[in-house]
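Report on one structure; see the data block that follows.
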Amino acid sequence: MNFCLSDLVPPLRWSDAARITTLADRPGLPDAWWRTLPLHRVLAVLDAEALGDLLTELALDHWPAAAVGDVLPALHVLDPDEADDPQVAIALDRAGSWHGLLALSGRELTDQPFVKARPVLTALFTAVFLRMSPEEAEPVSEPVSEPVEDPPDEEVAEQEIPDIPELIDAAFGGLDDQTWMVAQNRVFADEPSDPEQLARLLAVHPAVIHDLEAALRDRLSRWLALPEAKPYNEHLTWLTDTFGAAVPKERFVTAAEWHGRELRSLEVPAWRFVLATLPGHRLFGDWLVAGDVEELRERTRSLIASAERPPTVPRALEMIGSLGIRPDVARQWLESVPQLRAQKASEVAPDRQQDRQQDRQQGGLKDVALTRRCFRQPDGRWWLRVDVSGDHLQGGEVPLPSGFAAYVGLAPGEDRTVRSAAGEVGLSWHARPALGSLQRILSEVSAEEGSHIFLTLSEEGMLRVRHLPAANGGDETSRALRLVGYTAPSGTPEQAARVIATRVGLSAPVGRPELLARLRERGDRDLLTLLG
C-alpha cells in the first residue's frame with residue numbers, strides 16, 4: 001500500500017492543504033503527512049474511524065460543493081454492504097441508488113430531509129479505510145493499562161515495507177553494458193528498438209540481442225519469485241485489482257508517487273518497469289488495457305448498440321461495468337471509443353431532437369480539445385479554467401468559449417438553468433455564451449482576484465466548481481501545471497510536458513514541438529510563455 005492520502009483524495013491536490021489547520025495539527029504525524037506518508041503508516045497513528053472523521057470534517061468544512069464520490073473515488077468500488085450503518089441506509093433510500101448517493105455533495109447531503117450528513121460521511125469514508133487497513137494489525141490486549149504516547153517506530157516500519165525502487169535497483173544494479181542497453185532499448189522502452197538496429201549499434205549479431213533479452217526476462221521472472229520481491233508483487237496485485245479492464249495511462253503513471261521516479265540501475269522511469277511486469281495489461285496509446293484495446297472497444301460498441309434504445313450516459317456507464325470498466329474511468333473510456341454515441345442523461349426529448357442534440361455534443365467534443373483554457377481532467381470530463389477577476393467577485397457574468405459551451409450542450413439562442421451547490425445558475429448563448437453570477441460560490445471558497453476556478457457540468461447536469469488559489473512563486477514548470485489543474489510535484493520538464501499534453505487532448509506520446517503547436521492552435525498564450 002505504497003500510496004498516501006492525497007493519492008486517494010483528489011481535492012487535497014486541488015486545495016492549498018498547508019492552510020488547513022486540521023491536517024497540520026496531528027500528533028505523531030510529520031509535516032505534509034497527507035502527501036508524503038504511506039497510508040499504512042498513517043493508519044498506524046490514526047485508525048480507520050479517526051481518519052474517516054477527519055475526512056468528513058474536511059469534506060463538510062472545506063469542500064462542501066464536491067460530490068462525495070469525488071472526495072473519495074474509492075467509494076465507487078466499495079460494496080455498499082460494507083458501509084452497514086442506519087444513517088447510510090436512510091441516505092441511500094433518499095438518493096435512490098448508490099451512484100446517486102455518491103453524486104451528492106456534502107451540502108446537498110446536509111439538505112436532505114431525515115439525513116444526518118456527518119455520520120453518513122463518516123461511515124462511508126471509514127468503510128473504505130477499514131478495507132485498506134493492514135491485515136496484520138492486531139488489537140492491543142494486555143498493556144491496556146499503560147498509555148501509548150509514542151508513535152510507531154518508523155525505522156521498524158521502513159524495514160517491514162522497504163522502498164520499492166531501492167528493491168529494484170538492488171536487484172538490477174549489476175547489469176553488464178550490453179544487457180543494460182537491451183533493458184533500456186527493448187525490455188523497458190516506451191517504443192522498443194528493432195533488434196537488428198540495436199545489434200548494429202553494439203556491433204554484434206542480432207542473435208546476441210535475442211539471447212540477451214531472453215536472459216534478462218528470465219532474470220526478471222526469477223526475481224519476481226523471490227521472497228524479497230513480495231512488496232513489489234503486492235503492488236502489482238493492487239494495481240490489477242484497482243484498474244480493472246482499462247485505465248488511462250496518466251492514472252497508471254501517477255498511481256504511486258514512486259512511479260515517476262527514475263530507477264538508478266536502469267535509468268528509466270519506474271512506471272516503465274512496472275508496465276513490463278504487470279500481468280495481462282498492455283499500453284495502447286493513452287490507455288492501459290487488459291487484453292487487446294480494439295477488442296474491448298468493439299465489445300463496448302456492441303454492448304451499447306444492443307440496447308433497445310440509445311442509453312443515457314449514466315445507463316451507459318452502468319452497462320460497461322459488465323466489461324470490467326471501473327466507474328471512476330467509465331465516462332473517460334466512453335469518450336475514447338470511436339463511433340460511440342451516447343446521449344446526455346439530462347436530455348428527455350423526441351428521438352429526432354435527441355439526435356440533433358447528440359450531433360451537437362459530438363461537435364462540441366471535437367471543438368473543446370482546441371478551446372483555450374479547457375483541460376481534460378482525470379475524471380474524463382473537460383473543465384474550463386476561469387481566472388478570477390474583480391468583476392467575477394462582484395457578481396459579473398462569466399463568458400464561456402463557444403467550444404466549451406457546445407461541449408456542455410448549450411446551443412446558440414438558448415437559455416438554461418443549472419443546479420449548483422450554491423443554488424441555480426443561468427446559462428445563456430445570445431451575443432456570446434455566458435454563465436451567470438458565481439459570486440456566492442466564489443465567496444464560499446474564499447476565491448481572490450488572480451486565483452482560478454475550474455468548471456464543468458456533470459452527466460446529471462450539475463455545475464461543478466473547483467477552486468485553486470493563485471500560485472505564490474514556484475518555477476515556470478510548476479506554474480504551467482497549475483494552470484491545467486495539476487498540483488502534484490512537477491517532476492522533470494519531460495514529465496510535466498506529458499501531463500499537459502494529455503490535458504489538452506493529445507493522445508499519443510508527443511514531443512515538445514507538437515505540444516507547443518497545439519497550445520498555439522488553442523491560443524493558450526500563458527502556457528506558451530511559461531513553457532517557452
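Filtered by the rule that a residue be within 27 Å of Leu104 (Cα to Cα) and small (Gly, Ala, Ser), the range 384-410 gives Gly395, Ala405, Ala406, Gly409. Among the residues of the range 506-518, is any over 25 Å from Trp63 (Cβ atoms), open to solvent by less than 50 Å² (accessible area, probe 1.4 Å), modelled with pLDDT under 85 and under 20 Å from the mean Cα position of the chain (by Cα)? Looking through the range 506-518, at least one residue is over 25 Å from Trp63 (Cβ atoms), open to solvent by less than 50 Å² (accessible area, probe 1.4 Å), modelled with pLDDT under 85 and under 20 Å from the mean Cα position of the chain (by Cα). The residues of the range 60-101 that are closer than 13 Å to Pro11 by Cα, part of a helix (DSSP H, G or I) and open to solvent by less than 50 Å² (accessible area, probe 1.4 Å), listed by number, are Leu60, Val68, Gly69, Asp70, Val71, Pro73.
Of everything in the range 305-328 that is β-branched (Val, Ile, Thr) and at pLDDT 85 or above, the residue that is farthest from Phe252 (Cα to Cα) is Ile320.
Filtering the range 197-226 to residues that are acidic (Asp, Glu) and either modelled with pLDDT under 90 or open to solvent by less than 50 Å² (accessible area, probe 1.4 Å) (or both) leaves only Glu213.
Restricting attention to the range 105-116 and to residues that are in a helix (DSSP H, G or I) and open to solvent by 10 Å² or more (accessible area, probe 1.4 Å), the residue that is nearest to Gly461 (Cα to Cα) turns out to be Glu108. Going through the range 308-326 one residue at a time, which ones are touching a strand residue (DSSP E or B) at 6+ places or on another chain (Cβ under 6 Å) and among the small types (Gly, Ala, Ser)? Answer for the range 308-326, where residues must be touching a strand residue (DSSP E or B) at 6+ places or on another chain (Cβ under 6 Å) and among the small types (Gly, Ala, Ser): just Gly324. Restricted to the range 224-321, the set of helices (runs of 4 or more DSSP H) holding at least 1 residues that are closer than 23 Å to Ala170 by Cα comprises 230-243, 249-253, 270-277.
Going through (1) in contact with a strand residue (DSSP E or B) (Cβ under 7 Å, 6 or more places away or on another chain); (2) outside any strand (DSSP E or B) one by one, Ile209 falls short only on (1).
The set of residues from the range 160-194 being farther than 25 Å from Phe284 by Cα, part of a loop (DSSP other than H, G, I, E, B) and open to solvent by 30 Å² or more (accessible area, probe 1.4 Å) comprises Ile161, Pro162, Asp163, Gly173, Gly174, Asp176. Within the range 391-428, the set of residues being of a type in the set (S, T, N, Q), open to solvent by less than 50 Å² (accessible area, probe 1.4 Å) and either without any contact (Cβ under 8 Å) to a residue 40 or more places away in the chain or more than 30 Å from Gln112 (Cβ to Cβ) (or both) comprises Ser428 only. One residue stands out in the range 458-473 among those that are open to solvent by 10 Å² or more (accessible area, probe 1.4 Å) and aliphatic (A, V, I, L, M): the one that is farthest from Phe404 (Cα to Cα), namely Ala471.
Condition first: open to solvent by 10 Å² or more (accessible area, probe 1.4 Å) and either closer than 12 Å to Asp85 by Cα or without any contact (Cβ under 8 Å) to a residue 24 or more places away in the chain (or both). Now tell me which residues in the range 117-126 satisfy that. Selection gives Pro119, Thr122, Ala123, Thr126. Filtered by the rule that a residue be polar (S, T, N, Q) and within 22 Å of the chain's Cα centre (by Cα), the range 250-299 gives a lone residue, Thr254.
Test Leu46 against the criterion of being among the aliphatic types (A, V, I, L, M), in a loop (DSSP other than H, G, I, E, B) and touching a residue at least 40 places away in the same chain (Cβ under 8 Å), and give yes or no. Spelling it out, it is not the case that Leu46 is among the aliphatic types (A, V, I, L, M), in a loop (DSSP other than H, G, I, E, B) and touching a residue at least 40 places away in the same chain (Cβ under 8 Å).
The values are calculated or read from the model by the stated rules, or taken from the named source; none is laboratory data. Small disclaimer: the values here were computed from a predicted structure and weren't measured. Note that each Cβ is placed from the backbone with ideal geometry, even for glycine, and that neighbours are counted across all protein chains shown. Side chains are part of the model used for accessible areas, which takes the heavy atoms of the whole protein and leaves out ligands, DNA and RNA. Shrake-Rupley method; radii C 1.70, N 1.55, O 1.52, S 1.80 Å.
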